[in-house]
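Each remark here refers to the structure printed beneath this line.
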Amino acid sequence: MVARKAFSRILVTSAAIAVMLIAVAMPAQSKTFKWAFQSDAGSMDPYTMNNTMTLGFTANIYEGLVRHAKDESIEPSLATSWELTQPDVWRFNLRKGVTWHDGSPFTADDVIFSWQRAMGEGSDMKSFVAGIKDIKKIDDNTIDIITKGPWPLLLGDIFRWYIMPKKWCEENNSASVTGFKSGTEETYATRHTNGTGPFMLQSREPQVKTVMVPNPNWWDKRTDNITEAIFTPIKADATRIASLLSGELDMIYPVPIQDVQRVRKTPGFKVMEGMEVRTVFLGFDMWRDELLYGDVKDKNPLKDVRVRKAMYQAIDIDAINKKIMRGASYPTALMIGSNINGFDEALNKRFPYDPAESKRLLAEAGYPNGFSIVLDTPNDRYVNDEAISQAVAAMLSKVGIKCTLNSQTRAKHFSKIASMDTSFYMLGWAPMSFDVHNTYFNNVQTNGQKIENPQPGQGNWNCGNYSNPEVDKLLNEMTAEIDPVKRQALISKMMQIHKDDVGHIPLHQQALSWGVSDRVDLTQSADNTLSLRWVMVK
Amino acid sequence: MLAFIIRRILQSIVVMLMVALLSFTLFRYVGDPVVSMVGRDTTFEERAALRETLGLNDPIVVQFGRFVKNASMGDFGISYEQRRPVIDLIAERAPATLELSFVSGLFALVVGVFMGVYSGLHKDGFLSKLFQSVSLVGISLPPFLIGILLIYLFAVILGWLPSMGRGEVRQLGFWSTGFLSFSGLISLILPAITLGLFQMTLIMRLVRSEMLEVMRTDYIKFARARGLTNRAVNFGHALKNTLVPVITVTGLQLGQIIAYSIITETVFQWPGMGYLFLQAVQRVDLPVMGAYLVLVALIFVVINLIVDFLYYVVDPRLRMEGGAVS
């Protein structure tokens, strides 16, 4: 039969194609490094978007005055040294002989330009340079940074503020950041770069592929051996894992919790884990006089510390750690983890899980039969965020608090809680400066909307307005305290008060999980960013 | 004839407006675009100012009117996420989707017809039964599951085919093509199968039942009586007569393939329009979402329009009655 003959011909052909494919799939030897994250960098312009991924990614191309060493400590970068000449004046000596990727020299004018650009229209980096009052040029290789009062945290604040070239930006119509007021379209710097860093951008297709090559004129000694670095954002978890295990990529992150064991068991791959700087916690509405989402009328039970403590002690954090996070979390009693400057191990003891005590506290506060409340939770932001909230709701119901979930995507969740339209919410915070102040300033200090003359950004994410004058005072004091021992005493006192107040319920720090092929050696940063300069390809 | 065409086109415009209105109403529930546009340290004043600049505070009717007015002039605005004209983004991503859809459609048609003819001719054969089972899989399994299964088999376990992406892409003017490189071609295989499997199944079943029908007719018997070869009977007479409904279905399904490539593109990280749309939904990139939905509606409307015209040409009864197809 003709049809049968045609069919067998197709079978033979496809077998031949298959053999060809095997032959071609053999990778050629090269020092190409390919990696993937779940989303893309927002822009190649490091001032457009203040998020960890964007800033971590562009750190391979642009550099700041200082940078992080492997152990997350601050080390010189474009500045070689610095000293305090007055309590509010920092003198920086800039590195000599550094050139931009296009060959032009790096000077003090670039630093001043970058500060103006970061403060200007459309920039999302304003909070990073907010402490700077002025920058004065002393000569081409020396500048003075004048801060608004003593600012011991300056170096931690500016390490993600990268210097951009004045001449190049001005010539390419990128003197200001892509903003919506100043013409809506992207500027040249959105998809093109000209930095001083170890890598140069070769091609950029947003959301598809970004290719970088080493900068042959980099000022520092190379600690990588990459000849080409290719980044692909891969949204779908299963695809990301598959492209690692099939050998197409050398490294992917994050590895979803349910796939960690699989990657670990596959020969040739490992999972690198560590504590992430992000802390996930729950917050309460503590300013309304009546509960907004719940059945209590004419009063707000969350204003009573006994009620908040009862809710805290009703949560079995070990169960969340074991059942939901499969061990990939670090339960915490503080709003920061041990990798953040200011952490105090002595305070990191949670109030114990104790449902009987919870019920007693509720009865004492006048709610022997509990009450009902709505928990606002995101469902696409943190690892297993919705599952954690479901567990919390179930645990609260055991002590009589009928907790229902309002689970939404991040786009809806964050605008809802940011406008303080919530009674009980989940939020996570990663202090980008690696200092305790960033977390407590944003989440614990009295919300700027509720007071006269707030500092810019103060309590922006204190969505339920926890407010304690003593805490506010200590937070203000610690920004100006230069002596580290005295500063730590202020920090510990402040964290102790916040903990005793049960201002929030800290849950845990997430675990980083990177899937890495044995072909490469690399270093994991606690803020979940990858530095190409520490990648060795075998 | 002219009245018919005008009436049809007017109806199409109404459909397009309805789609635009529906999508606009839905946009209200997607969330706040500003959240994805700025970092977390951005103050509330700056957020409010941004919202005002984008016109998000205007009543929905005003926003809709503005969208229709600009869209009718081909201006779909600027993507919130990428801050480039939406029309450029779509033009950049369209080749990836169209090439994938074309290959999927071709795969569905060729394999579907072949399997259909075979199982129509040998309805009790072992292979026919196998094809039937395969088609059951194609109909019942969702595309993302098929995609993931294929990736695991051919990329992870066997290591024959790439698990994601388009491979090496060459630029021909504005068109980026994966047809000109080996890695581009092998990258097409898995996504094309995933996307086309459902349509393949549909065509196979259609051809099979039509073949069974046709093989019973008198003219086939007469053809055999005339001593024609099997090849001439099966392909020259039988298959030819089964193709009319197949062509109609294929035409209509092409729109489906383009529109529903969203899932396949996401699974395979295929940089096409569907993936662009999905990203836009997650980031609440309203201009991209609006443009994509209108574009897909346009594709469907145009295909239906053409099909209607073809019916009109093919079916003389429509002309006699003066036009309307109910």
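The values are calculated or read from the model by the stated rules, or taken from the named source; none is laboratory data. Given the structure is predicted, the values throughout are model-derived calculations rather than measurements. When we count neighbours, we look across all protein chains shown, and the Cβ atoms used for this are built from the backbone with ideal geometry, even at glycine.
At-a-glance table
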| item | result |
| --- | --- |
| Where a residue in segment A:99-111 is free of Cβ contacts under 8 Å to residues at least 60 places away in the same chain and in a strand (DSSP E or B) and its partner, wherever it lies, is surrounded by 14 or more Cβ atoms within 10 Å (Cβ to Cβ) and among the polar types (S, T, N, Q), with Cβ under 8 Å and at least six apart | A:105/A:99 |
| Qualifying residue in segment A:57-70 (condition: more than 20 Å from residue A:193 (Cα to Cα) and either surrounded by fewer than 17 Cβ atoms within 10 Å (Cβ to Cβ) or assigned by TED's automatic domain parsing to the domain that holds residue A:338 (or both)) | yes |
| Count - residues of segment A:391-422 that are more than 14 Å from chain B (Cβ to nearest Cβ), buried (at least 18 other Cβ atoms within 10 Å of the Cβ) and free of Cβ contacts under 8 Å to residues at least 40 places away in the same chain | 2 |
| Qualifying residue in segment B:114-123 (condition: assigned to a helix (DSSP H, G or I), closer than 17 Å to residue B:192 by Cβ and of a type in the set (S, T, N, Q)) | no |
| Residue B:105 vs. criteria outside any strand (DSSP E or B), more than 8 Å from chain A (Cβ to nearest Cβ) and over 30 Å from residue A:209 (Cβ atoms) | no |
| Tabulated pairs, segment B:231-242, first within 12 Å of chain A (Cβ to nearest Cβ) and over 15 Å from residue B:114 (Cα atoms), second of a type in the set (Lys, Arg) and surrounded by fewer than 20 Cβ atoms within 10 Å (Cβ to Cβ), C-beta under 9 angstrom, 6+ apart or interchain | B:233/B:224 |
| Residue in segment A:175-182 that is crowded, with 19+ Cβ neighbours inside 10 Å and modelled with pLDDT of 90 or more present | no |
| Residue count, segment B:58-115 (criterion: among the acidic types (Asp, Glu) and within 24 Å of residue B:263 (Cα to Cα)) | 4 |
| Flag for residue B:262 being buried (at least 17 other Cβ atoms within 10 Å of the Cβ), free of Cβ contacts under 8 Å to residues at least 60 places away in the same chain and under 20 Å from residue B:99 (Cβ atoms) | yes |
| Residue, farthest from residue A:300 (Cα to Cα), within segment A:449-483, restricted to residues that are in contact (Cβ under 8 Å) with a residue 24 or more places away in the chain, of a type in the set (S, T, N, Q) and more than 14 Å from every other protein chain (Cβ to nearest Cβ) | A:479 |
| Number of the exception - residue B:210 against (1) under 30 Å from residue B:273 (Cβ atoms); (2) away from chain A (no Cβ under 12 Å); (3) assigned to a helix (DSSP H, G or I) | (1) |
| Identity of the residue in segment B:14-57, loosely packed, with under 12 Cβ neighbours inside 10 Å and farther than 30 Å from residue A:130 by Cα, that ends up nearest to the chain's Cα centre (by Cα) | B:18 |
| Residue among B:239, B:149, B:243, B:202 that alone is modelled with pLDDT of 90 or more and either part of a helix (DSSP H, G or I) or among the acidic types (Asp, Glu) (or both) | B:149 |
| Top-ranked residue in segment A:468-518 [being of a type in the set (A, V, I, L, M, F, W, C) and closer than 30 Å to residue A:264 by Cα; ranked as farthest from the chain's Cα centre (by Cα)] | A:516 |
| Test: residue in segment A:466-488 that is part of a loop (DSSP other than H, G, I, E, B), assigned by TED's automatic domain parsing to the domain that holds residue A:326, surrounded by fewer than 20 Cβ atoms within 10 Å (Cβ to Cβ) and polar (S, T, N, Q) | yes |
| Checking residue B:269 against (1) assigned to a helix (DSSP H, G or I); (2) within 21 Å of the chain's Cα centre (by Cα), the condition it does not meet | (1) |
| Total residues in segment B:276-308, condition surrounded by 24 or more Cβ atoms within 10 Å (Cβ to Cβ) and either within 13 Å of the chain's Cα centre (by Cα) or polar (S, T, N, Q) (or both) | 1 |
| Residue match in segment A:515-530 (condition: touching a residue at least 12 places away in the same chain (Cβ under 8 Å), under 28 Å from residue A:351 (Cβ atoms), in contact with a Pro (Cβ under 9 Å, 6 or more places away or on another chain) and not hydroxyl-bearing (Ser, Thr, Tyr)) | no |
| Some residue of segment A:184-207 being touching an Asp or Glu at 6+ places or on another chain (Cβ under 8 Å), of a type in the set (A, V, I, L, M), assigned to a loop (DSSP other than H, G, I, E, B) and under 25 Å from residue B:77 (Cβ atoms) | no |
| Residue selected from segment A:219-237 under the condition surrounded by 19 or more Cβ atoms within 10 Å (Cβ to Cβ) and not basic (Lys, Arg), by the criterion farthest from the other protein chains (Cβ to nearest Cβ) | A:224 |
| Evaluation of residue A:201 against (1) over 24 Å from the mean Cα position of the chain (by Cα); (2) closer than 30 Å to residue B:285 by Cα; (3) away from every other protein chain (no Cβ under 14 Å) (one fails), failing number | (1) |
| Criterion violated by residue B:134 - all others in (1) surrounded by 19 or more Cβ atoms within 10 Å (Cβ to Cβ); (2) over 30 Å from residue B:33 (Cβ atoms); (3) at pLDDT below 90 satisfied | (1) |
| Residue count, segment B:3-50 (criterion: in contact with a helix residue (DSSP H, G or I) (Cβ under 8 Å, 6 or more places away or on another chain) and more than 10 Å from every other protein chain (Cβ to nearest Cβ)) | 16 |
| Residue match in segment B:57-77 (condition: of a type in the set (Val, Ile, Thr) and within 14 Å of chain A (Cβ to nearest Cβ)) | no |
| Residue, nearest to residue A:287 (Cα to Cα), within segment A:436-448, restricted to residues that are within 14 Å of chain B (Cβ to nearest Cβ) and not β-branched (Val, Ile, Thr) | A:447 |
| Those residues of segment B:159-187 which are touching a strand residue (DSSP E or B) at 6+ places or on another chain (Cβ under 9 Å) and away from chain A (no Cβ under 12 Å), in sequence order | B:170, B:177, B:178, B:179, B:180, B:184 |
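Condition check ((1) within 10 Å of another protein chain (Cβ to nearest Cβ); (2) crowded, with 18+ Cβ neighbours inside 10 Å; (3) in contact with an Asp or Glu (Cβ under 8 Å, 6 or more places away or on another chain); (4) modelled with pLDDT under 55) across all residues:
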| position | (1), (2), (3), (4) |
| --- | --- |
| A:4 | yes, no, no, yes |
| A:7 | yes, no, no, yes |
| A:34 | no, yes, yes, no |
| A:75 | no, no, no, no |
